[in-house]
Amino acid sequence: MNIHLPDFDVKKLVKEAGSNLGNTFSRVVQLTEEKFGHAEKTELDSHFENLAERAECTKVWTEKIVRDTESVLIPNPGNRVEDFIFEKIEKKKPQRLSNMEYLGLDMIEAGGDFGQDTAYGQALIKVGQAEQKLGVCERDFIGSVGICFTQPLKKFLEGEMKTITKEKGILETKRLDLDACKNRVRKARSMIGQQAKDGISPEAVLDQAERDLRVAQAEFDRQAEITKILLEGISTSQAGHLRHLHSFVETQVRYYNQCISIMNDLQKELVRLGGPTPYEPVGLDDDKNDSKTRSPEMGSEMKRARVLCSYDAKDHTELSLSSNEVILVTECSPMNSDYVYGKQGLLKGLVPRAFLEILDDNEE
């Protein structure tokens, strides 16, 4: 069997290798002389330098924000490393239960062992079910934040930022080549009028050095323009990052609202089971400047009121009502024309006036 090997021009390969080695050596010499102050360095304009500093600042802080966000979402370093490996090998991440889900499972199992007919057993099961719901919400939240926030930032770092770093490196190489050519031109000019060396006149050396300088200058200018355009794109990237940040906040708000809703429902369940603690819906008095969410001052007179028809609470600040149910109510502080503050057993919250009939003015 005949095997056809590609034809190699050995002389050409040796010449190219020698040229590359010479260029690398020249750059090393130039960089060394610059560090010791023995050679001049071509400086970029202040606008370019500002763009470069801004890009580096964006890179550093974006990397930190991504790391910090992932640390908040997945506190276990081992899990983060595992997820990173699966991402690199492009395989689906393992579906792992959260700590809250494990807690919920154990509570439900314990409640079953203690007896579903006991108050403690029933309460453990209810709390365990709530913890499982919280765990599911947490996993959904982590996945959503990855899609809307951390993944786009990672894509920026792996794509645009890597390209900028690469082009800046090429620009630095072109700059070293340019300054090395400038040094050769200066040396060649200083040799004008001296005797020819190796059969090459100083004039010919200078002519070649100036040609090399023009080529190096053109390549440097072209690379500087390419890099500058990429650096100017950072502003557009940050506008995109701002949109991702808003999405992150919206996702976080939705997650915490889901958690509050689950916990308020759990509190109601525990009260129905005869819990001794007078639970108050979470967040009821959080905003002291909102008249709709302010509770009345202590000692306000309570009146009995009958619920005219069933009502489902719109959010965690309100009470859900059943038709013909009798509850205690009092005015909000300050007074609200649409709502009164109600007490339903051990639960407290806002109730629409239109759904109530006041029974008397004496009961507290």
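Couple of notes before you dig in:
- Whole-Hz Karplus values for the stretch 41-56 come out as 10, 6, 9, 7, 5, 4, 4, 5, 4, 5, 4, 5, 5, 5, 5, 5 Hz, taken residue by residue from phi with 6.51 cos²θ - 1.76 cosθ + 1.60 and θ = phi - 60°; glycine and proline positions read x.
- Full extension of the segment from Ser46 to Val215, taken as 0.36 nm per residue of separation minus the current Cα-Cα distance, would add 58.4 nm.
- Scanning residues 5 or more positions from Ser320 or on other chains, those with amide H under 5 Å from its amide H are Ala313, with H placed 1.01 Å from N in the peptide plane.
- Distance between the stretch 104-181 and the stretch 229-249 - C-alpha centres, whole angstrom: 20
- Here the stretch 40-244 is described by how far its Cα atoms reach on the three principal axes: 111, 34, 24 Å, from widest to narrowest.
Just so you know, all these numbers are worked out from the coordinates, no wet-lab data involved. Treat the numbers as computed from the prediction; the structure is a model and nothing was measured.
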